[in-house]
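Working notes for the structure below.
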Amino acid sequence: MKYEKIYKELKKKYSDKEIVDSMLIPQDLTEKEKTELSKEMREIRMQKLRETTEEDMILADVMRLRFQIENYIKKETFSFEKTFGKYLGEYLRIIKKSRRDIAEDLSVHYTKLSRIINDKEEPNIELSYRLEKHSGELIKAELWWKLMIKKHEFIISQDQETRIKERRKVKNPLRA
């Protein structure tokens, strides 16, 4: 019943031949046909890959990095292998720039940038804004900053020694 109504609507605009030509009808293919189609698709993919510019490949890799960061932030537990510095290092690798060049692009001292990449120093929020701009806004400042938040949440949850030390300094706490 539903298909008849659709057909009647299409019939007002198109001939039967045009309607048939526009339909995708599933077919059972022989092994030879499947192999042939697979080969054709591989050739098309390889042609598209050859036509892809260096800039397109870099943009695609930056998008891939963004999705990796998003997935890590949403789904994974904190890992010292996935810090702000590690992702920043991956970003540099993707865009094929040296630390010196990117430090100049971001108006950050080379040594400071190097220390951030090696997780020896924490980035400031301004660096997140600069990375957002540098990445063509493909990786937002909030996303860079959430990497820092994830690390600090983990540290706070694990640092019982400092927690106890700081609690001793509190006078007249609320009684819950």
**Fill in**
Among R64, R115, R50, the residue with the largest mean-square fluctuation in a Gaussian network model of the chain built from Cα contacts under 10 Å is R50
**Prompt:** Which listed residue (S98, F78, I19) has the Cα farthest towards the positive end of the charge dipole for the chain, taking +1 on Lys and Arg C-beta and -1 on Asp and Glu C-beta about the Cα centre?
**Reply:** F78
**Message:** What are the equivalent ellipsoid semi-axes of the chain, built from the alpha-carbon gyration tensor (square roots of five times its eigenvalues), in whole angstrom, biggest first?
**Reply:** 52, 27, 17
**Request:** Under 13 Å from a label point 7 Å along Cα→Cβ of I58: give me every residue in segment 75-96 with its amide N that close.
**Result:** 91-96
**Prompt:** In debye, nearest 20: dipole of the chain around its Cα centre with unit charges on the Cβ of K, R (+) and D, E (-)?
**Reply:** 1080 debye
**Fill in**
When the charge dipole of the chain is computed with +1 at the Cβ of Lys and Arg and -1 at the Cβ of Asp and Glu, the Cα pointing farthest to the positive end, of I58, I69, H152, is that of H152
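Identify the GluC sites (Glu not before Pro) of segment 73-176 meeting these criteria: DSSP loop state and at most 14 other C-beta atoms within 10 Å of the C-beta. Before the final figure, lay out each step's value.
On the way: sites: E76, E81, E90, E104, E121, E126, E132, E137, E142, E153, E161, E166; in loops: E76, E81, E121, E137.
Listed in order of number, the matching sites are E76, E81, E121, E137.
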**Area of V170 that stays accessible when all protein chains are in place (1.4 Å probe, Å², to 10)** = 80 Å²
**Item:** Sum of side-chain charges, F84 neighbourhood, beta-carbon under 10 Å (Lys, Arg +1; Asp, Glu -1)
**Value:** +3
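Which whole-number percentage describes the relative contact order of the chain, with Cα contacts under 8 Å and a sequence gap of 6 or more?
Details: 84 pairs, mean separation 32.8, N = 176.
RCO, the chain: 19 percent.
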**Prompt:** What list of ³J(HN,Hα) values in whole Hz, one per residue of segment 121-129 in order, does the Karplus curve 6.51 cos²θ - 1.76 cosθ + 1.60 (θ = phi - 60°) give from phi, with Gly and Pro shown as x?
**Reply:** 9, 8, x, 9, 5, 4, 5, 4, 5
**Request:** Would you mind checking the tilt of helix 54-75 against the longest principal axis of the Cα atoms of the chain, expressed as 0 to 90 degrees and rounded to 10?
**Result:** 60 degrees
**Item:** Nearest-10 value in Å² for the accessible area of L10, using the 1.4 Å probe
**Value:** 60 Å²
**In degrees, nearest ten, helix 84-95 long axis to first principal axis of the chain (Cα)** = 40 degrees
**Item:** 5 angstrom amide H check on E121, placed H, neighbours 5+ away
**Value:** I116
**Asked** When the chain is modelled as a GNM with alpha-carbon springs shorter than 10 Å, which of M41, M57, M148 fluctuates the most?
**Response** M41
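The values are calculated or read from the model by the stated rules, or taken from the named source; none is laboratory data. Source: prediction; values computed, not measured. Virtual Cβ from ideal backbone geometry, glycine too; neighbours counted across all protein chains shown. Just the protein is used for accessible areas: all its heavy atoms, side chains included, with ligands, DNA and RNA removed. Shrake-Rupley method; radii C 1.70, N 1.55, O 1.52, S 1.80 Å.
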